[in-house]
């Protein structure tokens, strides 16, 4: 039988071990909170209003686009959600109206994988609208098996680059008349891994989903820089940005790739858990887009890449003026921009 002293010593040891465990748990929890705050970045610094402004957001029915639409509508903007699923767009608009108590918005059909749909959207827009203050090229598809658009182009490149290239060019005249106006391209730091193979621009010879996605994000940057040069003196600015790693539907096609069973298991378990624990919310991911759209100090800034609402240096291959110009001319031919004009 233990003595009173031994019982007391055992109690103290147990209390000490539990104290260490509790301290460790609290320390990990506090560290996680700090890490999440750091990953989330800074809130939007500008409180500027958008009353009287007309904004088009592609893919505004979900994720970052929906969060952006909600914030801009809350600031008084008239927001046009352009998306390929008008039923989901209408539902998103209803949610936004409820959250903001504003009803200054609408939803229009736009399928960025179809040049016919893009031209139809623009024709309708120009018939109904007199100005366009902000165009936010937000929609994207990511990392799935190789598919082709209705025009015969690899789907990621068609939606993420070519669709927005055509849409933007067709809206340039009304944006020049609306100046000062802004174009915002949602890119990604994934551009750093991207390379444009001009000899296989449609990824027919080789298709690696992750590489192609990175290529499209690089294309967003090159497009931004070339367009900025072409818009000098017009009163229209164009910038691109990295929204952060955001928990949205964009990665839903990853598990459709023909990985082996072990890789699929990791993606569906560990990958999803890490994604959920550390990715930002759509509202946090929308902050830099909102900043680019509303901040007075961004009115005359053009051709830049932003992350966490701050201008960042680009890697050399994203600043290659020859590549940017070459991509522009190839894109013109692919979307038949000159032929139609």
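Bear in mind these aren't lab numbers, they're just calculated from the coordinates by the rules spelled out. Computed from a predicted structure; not experimentally measured. Every residue, glycine among them, receives a Cβ derived from its backbone with ideal geometry; neighbour counts consider all protein chains shown.
The table for this structure:
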read-out	value
Gained length - residue 126 relative to residue 109, 0.36 nm times residue gap less alpha-carbon distance	4.7 nm
Computed P(r) (all Cα pairs; segment 96-244; 10 Å bins; percent)	11, 37, 35, 15, 2, 0
Ranked list, fewest to most other Cβ atoms within 10 Å of each Cβ, for 62, 288, 68	62, 288, 68
Distance (nanometres) between label positions extended 7 Å along Cα→Cβ at residue 85 and residue 177	3.5 nm
Value of Rg to Rh for segment 115-185 (Rh from inverse mean 1/r over Cα pairs, i.e. Kirkwood)	1.03
Ranked packing of 159-172, 227-240, 141-154, most packed first, by mean Cβ within 10 Å	159-172, 227-240, 141-154
Segment 206-237 residues near the modelled residue 148 label - backbone nitrogen below 17 Å, point 7 Å along Cα→Cβ	206-208
For segment 45-340, alpha-carbon Rg over 2.2 N^0.38 Å	0.95
Stretchable slack from residue 313 to residue 94, in nm (0.36 nm times residue separation minus alpha-carbon distance)	74.9 nm
